[in-house]
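Since every read-out is calculated from the coordinates, none of them should be taken as a lab result. Given the structure is predicted, the values throughout are model-derived calculations rather than measurements. As a convention, Cβ positions derive from the backbone with ideal geometry for all residues, glycine included, and neighbour counts pool all protein chains shown.
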Amino acid sequence: MRSDRHSHGLTLVELLVAIAVLAIISVLGWRGLDVITRTRLILNEELAQTRDLQLVFAQLQIDCANAVDADTLAGARPMLIEANRLTLARRLQPEAQAGALQLVTWRWRDSLLTREETPPTRDLNQLARDWQLAQNGSASAVKLHSGVQQMVLRVWTDDGAGWRTWQPMDKPVISRGSLMNPERGTTATQTVWRGLEVSLQLPGRAANMTKIFMLGAL
């Protein structure tokens, strides 16, 4: 008896349907992989940015912890905050060496945060000259972080007024002599700042990165 069943392959319609299903699955898989890849890149960028900021804040904490007051400088101003710039005098104590002073300048310009420091000295006259040089910046400045959209600095002292924008209320007085044998010059009333607040605005972050540092050993 002859069978009416005939074996046959896929029809054109069935083939087109199979191709369409595979195409949809491929698109969905590609989109999922693309989301995972983009998310990983964003996380890596944020981790790198966070790591850089941790190093920046760690160095700033060292500078602030070693900041000196006006008495150490024989009446001279120990800190200056101007537009997008912080300059402070800090004590440097190399191992097995006599202590010295140096100026450290943190500067924000053209979305770049840099740090520069003057050579250590024990001569207040040299330190006064370094103050003038610190105003213009140095070619040896170390680049710390790029993409900083804004830097806001505030200070605090124990007068009950809380945090405020730094104001140049005190006239700097540079005395003659060295740190070992200073000749006291005319002194001025100095506001003793106790704390420094640094706030950095970074791209892609809704809130600013803010950290508070104590100035000097309290």
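Below, the figures for the structure above:
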quantity	calculated
Backbone HN-Hα couplings from phi across region 70-75 [Karplus 6.51/-1.76/1.60, Hz, Gly and Pro as x]	5, 4, 5, 9, 6, x
Inter-label distance, nm, simple model (7 Å from Cα along the C-beta direction), MET214/ARG31	5.5 nm
FRET efficiency for LEU55 and LEU12, using Cβ-Cβ distance with R0 set to 45 Å, rounded to 0.05	0.10
Residue order, fewest to most beta carbons within 10 Å, for LEU153, LEU55	LEU55, LEU153
Length added when fully stretched, VAL21-LEU41, from 0.36 nm per residue minus Cα-Cα	4.2 nm
Order by protection proxy (mean Cβ within 10 Å, highest first), peptides 155-162, 114-121, 101-108	101-108, 114-121, 155-162
